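Inspection log for the structure reproduced underneath, given as structure tokens.
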């Protein structure tokens with residue numbers, strides 16, 4: 001039986017386009033801003049009330065498309081804070097992140113070592129209540145990207161029956177492409193940032209900062225002898241805590257603006273934090289955020305709405321959020337984006353410390 005084959009160059013072209021789009025897209029970012037400080041700004045390493053912080057994050061998006069094509073991100077981080085000199089601190093941390101997307105199991109993995117120095121600018125001397133700090137941080141690490149060749153098809157495996165016009169695949173046939181395997185080369189990555197934060201009294205705080213990721217713009221292509229330079233990502237973020245009334249409730253506004261290549265996003269919103277002192281530091285949070293997205297040549301608009309609920313205990317905080325899609329993917333996803341879960345553990349400082357960090 002005669003069959004038609006798609007010219008070989010088209011199969012490779014489709015795969016390269018897929019990888020090019022994934023590589024040029026923005027980094028996988030979590031929506032719970034306070035739950036991923038090391039992915040927001042290296043200068044936030046060790047900025048905490050305590051001496052040790054452990055964090056775990058999981059995000060899943062676009063599960064309505066198909067289970068195999070969902071976007072999943074997992075991140076785990078640990079950082080510590082140590083006093084140095086008089087009133088100053090140093091922070092050290094480690095971050096590991098793994099992302100998986102699409103039916104080809106396109107993966108992005110990275111591991112980063114992080115460090116910061118927190119210099120006291122004013123406060124706590126001679127009866128002063130407020131404290132202002134300037135923190136500078138840097139990260140150095142490695143990453144790798146790739147896909148599973150066994151889960152994609154090429155033109156040599158695709159046939160069309162001229163009589164019935166039906167198309168079919170035969171994955172047992174060789175692809176006759178010049179590459180194989182699942183992963184590309186390991187690349188080095190460097191990030192840096194600055195942040196100011198202040199404790200302004202009981203239930204009052206503020207922070208503001210900026211960072212640049214991928215300073216060295218590494219080549220992240222998983223294809224051999226191919227170039228796919230990772231755009232630098234610029235971040236500006238801020239927030240604070242504002243008391244509400246005479247009780248113990250507060251409002252925590254926050255934002256994060258991110259720009260990478262032709263893409264920009266602005267995540268803006270806040271949460272209400274309710275607690276009573278007799279609850280022994282147990283607090284409840286409810287909040288919402290909106291994400292605005294702009295793509296060069298494609299316009300801009302509201303891409304998603306995020307609702308958030310969190311439970312704070314004396315040393316553990318658990319957060320759950322859901323992403324409601326409102327952008328161009330809305331007809332396909334039926335407004336269903338995905339969910340995100342965060343778990344954080346904080347250990348109190350064993351050294352004397354009068355400095356309280358902002359509530360993120």
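The values are calculated or read from the model by the stated rules, or taken from the named source; none is laboratory data. Please read these numbers as outputs of a predicted model, since none were measured by experiment. Ideal geometry is used to build each Cβ from the backbone, glycine not excepted, and the neighbour counts take in all protein chains shown.
Residues are listed down the side, and each one gets a yes or a no for (1) under 18 Å from the mean Cα position of the chain (by Cα); (2) buried (at least 16 other Cβ atoms within 10 Å of the Cβ); (3) modelled with pLDDT of 90 or more; (4) closer than 26 Å to residue 211 by Cβ:
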position	(1), (2), (3), (4)
265	yes, yes, yes, yes
271	no, yes, yes, yes
289	yes, yes, yes, yes
296	no, no, no, yes
301	no, no, no, yes
306	yes, yes, yes, yes
311	no, no, yes, no
334	no, no, no, no
337	yes, yes, no, yes
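Which of the residues spanning segment 243-256 are over 20 Å from residue 210 (Cβ atoms), surrounded by fewer than 16 Cβ atoms within 10 Å (Cβ to Cβ) and at pLDDT 90 or above?
Scanning segment 243-256 gives 243, 251.
Inside segment 227-241, can you point out the residues that are more than 23 Å from residue 30 (Cα to Cα) and either crowded, with 16+ Cβ neighbours inside 10 Å or touching a helix residue (DSSP H, G or I) at 6+ places or on another chain (Cβ under 8 Å) (or both)?
228
Of the residues 125, 146, 87, which single one is more than 25 Å from the chain's Cα centre (by Cα), modelled with pLDDT under 90 and surrounded by 17 or more Cβ atoms within 10 Å (Cβ to Cβ)?
Just a single option satisfies the conditions, and that option is 87.
Of all residues in segment 201-254, how many are outside any loop (DSSP other than H, G, I, E, B) and either touching a residue at least 24 places away in the same chain (Cβ under 8 Å) or over 23 Å from residue 42 (Cα atoms) (or both)?
Counting residues in segment 201-254 that are outside any loop (DSSP other than H, G, I, E, B) and either touching a residue at least 24 places away in the same chain (Cβ under 8 Å) or over 23 Å from residue 42 (Cα atoms) (or both) gives 26.
Residues checked against (1) in a helix (DSSP H, G or I); (2) under 24 Å from residue 222 (Cα atoms); (3) at pLDDT below 50:
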position	(1), (2), (3)
9	yes, yes, yes
14	yes, yes, yes
38	yes, no, no
54	no, no, no
63	no, no, no
75	no, yes, no
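Are there any pairs with C-beta distances below 6 angstrom linking a residue in segment 274-303 that is closer than 26 Å to residue 339 by Cβ to a residue that is at pLDDT below 85 and in a loop (DSSP other than H, G, I, E, B), with the two at least 6 apart or on different chains, and if so which?
Within 6 Å, the pairs are 275/248; 302/326; 303/327.
So the check is Cβ under 6 Å with 6+ separation or different chains; which pairs have a first residue in segment 177-191 that's at pLDDT below 80 and a second one that's exposed (fewer than 13 other Cβ atoms within 10 Å of the Cβ) and part of a loop (DSSP other than H, G, I, E, B)?
Here the result reads 179/224, each pair linking segment 177-191 to a residue that is exposed (fewer than 13 other Cβ atoms within 10 Å of the Cβ) and part of a loop (DSSP other than H, G, I, E, B).
Could you go through segment 349-360 and let me know if any residue there is surrounded by fewer than 19 Cβ atoms within 10 Å (Cβ to Cβ), at pLDDT below 95 and not in a loop (DSSP other than H, G, I, E, B).
Checked segment 349-360: no residue is surrounded by fewer than 19 Cβ atoms within 10 Å (Cβ to Cβ), at pLDDT below 95 and not in a loop (DSSP other than H, G, I, E, B).
Hey, could you check segment 313-332 for residues that are in a loop (DSSP other than H, G, I, E, B) and closer than 21 Å to residue 266 by Cα and say which is modelled with the lowest pLDDT?
Among them, the one singled out is 329.
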